[in-house]
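The values are calculated or read from the model by the stated rules, or taken from the named source; none is laboratory data. Just so it is clear, the model here is predicted, and its values are computed rather than measured. As a convention, Cβ positions derive from the backbone with ideal geometry for all residues, glycine included, and neighbour counts pool all protein chains shown.
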Amino acid sequence: MYKLTKEGKKYLTEKELPEKQLVKKLQEEPRSIEELKKELNNLDIAVNWGKRKGLIEIEQGKVKLLKEPSSYPEEEALKLIKEDKEKKVNSEEIQRLLERKLVKEIREDVVKKAKNQIKGKGQITHLTPELIQTELWKEAKFKEYNIKALGKKKHPGKKHILTHYVNKIRRIFLDMGFQEKTGPYVESSFWNFDALYTAQDHPVREMQDTFFTKKPEKAELPDKNTVKNVKKMHEEGYEDSKGWGYEWSEEEAKRPVLRTHTTSLTIKALKEIETPAKIFSIGRVFRNETIDYSHIPEFAQVEGIVAAEEMNFKNLLGYLEEFYNRMGFEKVRFRPGYFPYTEMSVEPEVYYEPKEEWLEMGGSGIFRPEVTRPMGIDVPVLAWGLGLERIAMLDPDVMDIRDFYCNNDLELLRNKQIKLE
Amino acid sequence: MPVVEFNIKELEKLTDKTLTKKILEEKIPMLGCDIEHIDDEKVRYEVFPNRPDMLSQEGFARALRYFFGLDKGIPDYKTKKSSIKLNREKVKARPNITAAAIKNIELTDETLRSLMQTQEKLHKTLGRKRRKLAIGIHDLDKVEPPFTYKAVKPNKFKFTPLNSDQELTLEQIRKKHEKGKYAEILKEHKKWPVITDKNEQTLSFPPVINSKTTEVTENTENLFIDVTGTDQETIERALNIIVTSLKDRGGEINTVKVEGLGERPYLEPEEINIDLEYINQMLGTDFRGEKLKKHIEEMGYDFKGKIGMSYSEEKTILIPPYRTDIMHPIDIVEDIAIRHGYDQFNTELPTVATTAKSDKEMEKKEKLKEIIIGYGYQEVKNMVLTNKQNQFTKMDQEPAQETLIELENPLDKNHSICRNKALPQLLKNLSNNQHVAYPQKIFEIAKCLELDKESYNKVKTTEKLAIAKTDTQVNYNEITALLDSFMKNLGFEYNLKKTKNPAFMKGRRAVILQQGEEIGKLGEIHPKVLNNWEIEKPVIAMEMKIDKLL
């Protein structure tokens, strides 16, 4: 079986054969190749076949018409093939059309297959490549689907729910001009507690609150000067501060912990960075908590820090308001709070419309001078942090915090709606 | 955080103010405490650790009276000198002691309960579960001064403790008495502390239990209070909190002459200097003159000298003896902010010109995730904490003891180490999700930890990518095809080599090499491992380090 190629169809319907187009252009007088090139798209094909058929000759860059044929046999042959009357075309002509790539041959087995598919009077389920190539689909009847029926269920590959929140918050901080920081999960007590002016006998440093590691046994302390400054601040204070007034132990400061907050990396970053600086981090932190539907020993903490001249309490509230507004909470209010390393300490609350209630949303404050001085920071440092899961838990689909980490409930992860915000 | 419970009527009596639900719920937390529970009769507040004075009902009510503007300045904590003496011998196990007496107090049911609550809360917080301090409260009239603080042998010394009908040695108390657990604090020492009176009658065995003799009841009129511990300043603070509370209940504070210390309690206010400019600088306000003075006095401080209208002037502020948290002028600044009301401050968003900069590794990991998601894989997130059973045994591997991060105080046996591989938890996820439609295709980019001598924290973090697919039928070549496509899309060369990793099936497992270095493994999970995880369908999986890709 033979079928017209795209080119064959073109010469039969919209345009004439290239050599026929050329002959028409030459009826008045011979013309230069340069001119003809501008008028005919496929001049080389036209010249080639014009020459082979003895219709034209080229002399000194000009094409001259030798004779005008009464007909072009290819046209007739293409027409017959198109009408499925290929038997009326002689094989010599078919060879020429194949050579000119105006027709293509459909293999016998393909034709046979296609014919088999439409045999009988039943309806056809599948439209096949054979039916399309042979165009025998024209003779087939196709089964109609129930247009509302669904096929096998689809599940997209998606990012984890929490990743969406992480990226949303990263976007907010970056939009506000903050620099992103990361740091290690296992940290020395020095950076996790001592550098943050948390006394060595503070309850948060006890086993029931914090995970200590058996291996590694000890971490290294930073440069001597920093250690000396922190020790002095704890033991006797510095300048205006009284300090905690106890004997500070270097060994205790070396104990490695799974970081209980990302402030451990913030304080380290602040020591290195030039002010003014705005930095943020989102990372996993660890607390010794028994697992239940609302508690888990590890979760992601979000933290923002602004260290610049003349920052004050009103500015802290300003940043908190801006940040939570961008998080989608329109109303924000503030209550006093307590953290060992901030003063003033603030507990921001946001108004959660769907439940019509105020929710505690993390903690914040201005770093105590006892924290910043030993690090050589002489500007006020505004800081705030919140648990990422707390925001994710507002999602009514998420009933249990364990769905995030422990269980990875695929049903939930797959079907979770993506909010295009 | 510690919680104080009040009968609302009692709190109204202590503050002389009608307390509506709105005041209890909205106004009082603005003083710096969280409301934990409220019903028609009772209210509970969480007290912040910097205000142990508010752990007593009287102290809490006192703070409220200031906050409502009903009081100002430091109350008159006059003490009366008494002839009571406390002698001391050397007590190694618990070197510090202080004491006071309260006379002519009317101990109602409510006062008594409040006193017990204060004592208990101080033990837990400032006292670090009695290690740092313990308070003993005695009926002064049942014993005779002078008193002696001394160290005795635990298996020799006997007395009848509270809640017991017989004499017990200190050692027996440790073993048998309900409070005996507190003797653990002393266990390293050969001699344990006791307080006795002139006639060798025992008052107390600190920090464990008082004697039955000095039990305080509603009929008690005069009290002897001892505080023992390991830090003199801390025990003096606790004593001040107790005696000022009892003074607020109508008691009369009498001193005790403590050998080596002098008259106690010491209730003279401490002084702190503060520059008025600092206050306004930190708050972004322009508080001056009488308004500023009023704010300071209405938080219970005294203001020394006159205040002018100047912004910048150093002034001295007197701190009431029950306030134990003032270390730096910033603490006074916070109290001024609280007095003014956090809700009364305007917010101001400043312009701090900085440039945004994201963490490159975070960005790159997000891009890697997008490629894997393109293959139809769902991202999962697992915990860092896990156990040897999951990480090794179920994977048919020996624990990597030399490089494993182990916790000193695990949450439980299921969370005792940090993960060093990502794949085991993916199998756990598949095991948990067997009821969910197949095929299941999941992946995680996980921070994996191992010991490392070189780094300051002795831990190395490696980012690992793990991928797993399960279906009724899987094909080894599908995972190699996935790896190939992934690596080629990123422009990385790699190679595969045979391996003997028992987690995978023979002839269906390989290690992934990048420039000759082994970066991961892939294959079809061994049915033995599937049985270990109780996974009932075949799984193909891979795991590799991606540090070089980032």
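Below, the figures for the structure above:
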{"item": "Residues within segment B:227-259 that are outside any loop (DSSP other than H, G, I, E, B), among the acidic types (Asp, Glu) and either over 27 Å from the mean Cα position of the chain (by Cα) or not assigned by TED's automatic domain parsing to the domain that holds B:Leu186 (or both), tallied", "result": "2"}
{"item": "Unmet requirement for B:Glu314, which otherwise passes all of (1) surrounded by fewer than 16 Cβ atoms within 10 Å (Cβ to Cβ); (2) under 24 Å from B:Phe68 (Cα atoms)", "result": "(2)"}
{"item": "Matching option when the condition is within 14 Å of another protein chain (Cβ to nearest Cβ), under 21 Å from B:Ile371 (Cβ atoms) and among the charged types (D, E, K, R), among B:Lys488, B:Lys469, B:Lys460", "result": "B:Lys469"}
{"item": "Hits in segment A:46-60 (condition: outside any helix (DSSP H, G or I) and β-branched (Val, Ile, Thr))", "result": "A:Ile56, A:Ile58"}
{"item": "Count - residues of segment A:393-421 that are outside any loop (DSSP other than H, G, I, E, B) and within 11 Å of chain B (Cβ to nearest Cβ)", "result": "8"}
{"item": "Members of segment B:193-213 that are assigned to a loop (DSSP other than H, G, I, E, B) and more than 23 Å from B:Lys132 (Cβ to Cβ)", "result": "B:Asp197, B:Lys198, B:Asn199, B:Glu200, B:Gln201, B:Lys212, B:Thr213"}
{"item": "Matching residues in segment A:326-366 - criterion: being more than 10 Å from chain B (Cβ to nearest Cβ) and closer than 30 Å to A:Val227 by Cβ", "result": "A:Tyr341, A:Gly363, A:Ser364"}
{"item": "Cβ pairs under 6 Å, 6+ apart, first in segment B:113-142 and under 12 Å from B:Thr228 (Cα atoms), second of a type in the set (Phe, Trp, Tyr) and buried (at least 20 other Cβ atoms within 10 Å of the Cβ)", "result": "B:Arg130/B:Tyr182"}
{"item": "Residue under evaluation A:Ile124, criteria (1) at the interface with another protein chain (Cβ under 7 Å from one of its Cβ atoms); (2) in contact with a strand residue (DSSP E or B) (Cβ under 7 Å, 6 or more places away or on another chain), criterion not met", "result": "(1)"}
{"item": "Hits in segment A:281-325 - residues which are at the interface with another protein chain (Cβ under 7 Å from one of its Cβ atoms) and of a type in the set (Asp, Glu)", "result": "A:Glu298, A:Glu321, A:Glu322"}
{"item": "Single match in A:Lys148, A:Lys159, A:Lys152 (criterion: basic (Lys, Arg), within 14 Å of chain B (Cβ to nearest Cβ), farther than 30 Å from A:Gly304 by Cβ and outside any strand (DSSP E or B))", "result": "A:Lys152"}
{"item": "Residues of segment B:318-366 that turn out to be at the interface with chain A (Cβ under 8 Å from one of its Cβ atoms), of a type in the set (D, E, K, R) and within 26 Å of B:Ser56 (Cβ to Cβ), as a count", "result": "2"}
{"item": "Criterion: surrounded by 10 or more Cβ atoms within 10 Å (Cβ to Cβ) and either at negative phi or in contact with a helix residue (DSSP H, G or I) (Cβ under 9 Å, 6 or more places away or on another chain) (or both) - qualifying residue of A:Ile94, A:Ile147", "result": "A:Ile94"}
{"item": "Among the candidates B:Asn155, B:Asn222, residue that is without any contact (Cβ under 8 Å) to a residue 40 or more places away in the chain, over 30 Å from A:Tyr246 (Cβ atoms) and in contact with a strand residue (DSSP E or B) (Cβ under 6 Å, 6 or more places away or on another chain)", "result": "B:Asn155"}
{"item": "Residues (within 28 Å of B:Val4 (Cα to Cα), among the hydroxyl-bearing types (Ser, Thr, Tyr) and touching a strand residue (DSSP E or B) at 6+ places or on another chain (Cβ under 9 Å)) located in segment B:80-113", "result": "B:Thr98"}
{"item": "Number of the exception - B:Lys190 against (1) more than 28 Å from the chain's Cα centre (by Cα); (2) outside any helix (DSSP H, G or I); (3) within 25 Å of B:Ser82 (Cα to Cα)", "result": "(3)"}
{"item": "Residue match in segment B:380-387 (condition: out of contact with any strand residue (DSSP E or B) (no Cβ under 7 Å at 6 or more places or on another chain), modelled with pLDDT of 95 or more and either surrounded by 15 or more Cβ atoms within 10 Å (Cβ to Cβ) or among the β-branched types (Val, Ile, Thr) (or both))", "result": "no"}
{"item": "Residue count for segment B:369-411, restricted to those that are out of contact with any Ser or Thr (no Cβ under 6 Å at 6 or more places or on another chain) and more than 8 Å from every other protein chain (Cβ to nearest Cβ)", "result": "19"}
{"item": "Matching option when the condition is surrounded by fewer than 21 Cβ atoms within 10 Å (Cβ to Cβ) and within 31 Å of the chain's Cα centre (by Cα), among B:Tyr301, B:Tyr266", "result": "B:Tyr266"}
{"item": "Index of the failed condition, B:Lys85 passing every other in (1) touching a Pro at 6+ places or on another chain (Cβ under 7 Å); (2) surrounded by 19 or more Cβ atoms within 10 Å (Cβ to Cβ); (3) more than 12 Å from chain A (Cβ to nearest Cβ)", "result": "(2)"}
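Quick grid of which residues meet (1) at pLDDT 95 or above; (2) over 20 Å from B:Gln389 (Cα atoms); (3) assigned by TED's automatic domain parsing to the domain that holds B:Gln425; (4) surrounded by fewer than 16 Cβ atoms within 10 Å (Cβ to Cβ):
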{"site": "B:Tyr494", "(1), (2), (3), (4)": "yes, yes, yes, no"}
{"site": "B:Pro502", "(1), (2), (3), (4)": "yes, no, yes, yes"}
{"site": "B:Gln515", "(1), (2), (3), (4)": "no, yes, yes, yes"}
{"site": "B:Lys521", "(1), (2), (3), (4)": "yes, yes, yes, no"}
{"site": "B:His526", "(1), (2), (3), (4)": "yes, no, yes, no"}
